[in-house]
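These notes are about the structure you will find just below.
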Amino acid sequence: MKLRSKLFLVIFATCMIVVFAMHIGIRSSFQQGFIGYIKKNSEQRATLLAEALSDQYQLTGDWRFLNRDDRSIYQILRTIDQISQSGEGPAPRGWRTQFWIVDKQMKRLFGHDNQFPAETFKKPITYHDEIVGWVIVSAADKISNEADISFDKQQLRTSWIIAGLTVLFALLITLILSRSMIRPVKRLVEATHKLAAGDFAVRVTPTNKDEISQLATDFNQLASTLEKNEQIRRDYMADISHELRTPLAILKGELEALQDGVRKPTAETLNSLLFEVTNLTKLVNDLHQLSLSDRGSLTYRKDFIDINEIILLAVASYRHIYQAKQIALQTDLDDNVKLIVQADPDRLIQLFHNLLENSVRYTNSGGQLHISSKREHNNVLIVWEDSAPGLDKAQYEAVFQRFYRAESSRNRSSGGSGLGLAICENIVEAHNGKITAMPSAIGGVKILIVLPVYSEDN
């Protein structure tokens, strides 16, 4: 059963319960009120009848006026009706219950021949402060008068008609409410089906400020994230294909040239092939490292280490490369206090090697690289500054993207895969740190690494 049908049944069933409960309550209240009205009417008329019979008894001194015929009692009843009509308030008209007139020995003087009912009320008839008779009225809690029964049936039919019309109205309202309430849910369901089918551009417009609208907002955010991730995945695959295809095409061309005899297997040719194989190998290794980092499979064996020792160790392995390219490599490390961090030394070595390799590739010959470290509050700040060429503002925001290379000086000819800085970002984030790029004061790129420092106070 669909949600709309369930919601319709729930609302309609609730309306039906309310309608029938109100019908039964109103019907019961009417009957009880009507019977109470009849009892009060009968009691009021019995009081008036008892007073009239007392006055008549005083005129004759006995019950002979009732024994002669029944016209006298009917005359008294008509007189009571006339007196009631002349008074204030609604006049109690007509006897709706059985009544009897008896003497003080409970001998029947007027009334039905049947036995007195179990429930009655009596009004005394007095003469010289003595009770000479009684007016007895039935107090049964049911309607016996034909006119009253007809009126009760009419009211019952009317109440059932009103209940039926209320049910139809409730049916219409329930149908409208169920459709209006389920409409945003239906839009969400349809959008979810499209999203599951791969349409990441689908969106749902929130209509109100309720839970469904909040769900629609969250859905739009999810769809936007999936769309962005899908675009990143496509770009990633396209970049990988391009990066792999280029060195393979060069290798294929060189090997075909050797095979056809166009080129001779000279040292220059072999070095060119070796260079492309090296670039391809590095690209594959970088992709492997990046994939391991993305899925959380890259192992980190963290220990408490001095960050300055790791920097010096990494610099030592690259110093001759910088000397060969005539790039001045300067370090300004804070030796006053040990900068202890909890980190994986091998991964930090990999981080600094990538930064050193990036600087040596993209810094002009005769330039410089300045590395500094210091403690600031509860963090270690490592600053990596190289000389020209630099980047523009838009390039600084994209420098950590995968396969990103700046144009002109920072391009493929330098031999980079475009993954080094992306790997650096993953390593820094795995150590609860942050890495950013900005213009350098000496004309190149400034890399700022912030890592949490360890102290005995922590």
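The values are calculated or read from the model by the stated rules, or taken from the named source; none is laboratory data. Please read these numbers as outputs of a predicted model, since none were measured by experiment. Reconstructed Cβ throughout: ideal geometry from the backbone, glycine too, with neighbour counts over all protein chains shown.
Here are the numbers for the structure shown:
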{"read-out": "Pairs with Cβ under 6 Å, 6+ apart, first in the stretch 328-339 and touching a residue at least 60 places away in the same chain (Cβ under 8 Å), second in a strand (DSSP E or B) and surrounded by 12 or more Cβ atoms within 10 Å (Cβ to Cβ)", "value": "339/375; 339/380"}
{"read-out": "Of residues in the stretch 357-373 being outside any loop (DSSP other than H, G, I, E, B) and modelled with pLDDT under 90, the one surrounded by the most Cβ atoms within 10 Å (Cβ to Cβ)", "value": "359"}
{"read-out": "Filtered residues of the stretch 7-58 (kept if over 26 Å from residue 156 (Cα atoms) and aliphatic (A, V, I, L, M))", "value": "7, 9, 10, 11, 46, 48, 49, 50, 52, 53"}
{"read-out": "Pair list, Cβ under 9 Å, 6 or more apart: the stretch 264-277 residue at pLDDT below 80, other residue among the acidic types (Asp, Glu)", "value": "269/254; 272/254; 276/254"}
{"read-out": "Output for the stretch 156-193, where each listed residue is among the small types (Gly, Ala, Ser) and in contact (Cβ under 8 Å) with a residue 40 or more places away in the chain", "value": "159, 163, 170, 178"}
{"read-out": "Yes/no for residue 255 being at pLDDT 80 or above, among the hydrophobic types (A, V, I, L, M, F, W, C) and either under 30 Å from residue 421 (Cβ atoms) or surrounded by fewer than 15 Cβ atoms within 10 Å (Cβ to Cβ) (or both)", "value": "yes"}
{"read-out": "So residue 199, is it in contact with a Lys or Arg (Cβ under 8 Å, 6 or more places away or on another chain) and either modelled with pLDDT under 80 or farther than 23 Å from residue 278 by Cβ (or both)", "value": "no"}
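Per-residue answers, yes or no, for (1) over 30 Å from residue 15 (Cα atoms); (2) in a loop (DSSP other than H, G, I, E, B); (3) within 60 Å of the chain's Cα centre (by Cα); (4) at pLDDT below 70:
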| residue | (1), (2), (3), (4) |
| --- | --- |
| 67 | yes, no, no, yes |
| 72 | yes, no, no, yes |
| 77 | yes, no, no, no |
| 82 | yes, no, no, yes |
| 96 | yes, yes, no, yes |
| 126 | yes, no, no, no |
| 133 | yes, no, no, no |
| 141 | yes, yes, yes, yes |
| 158 | no, no, yes, no |
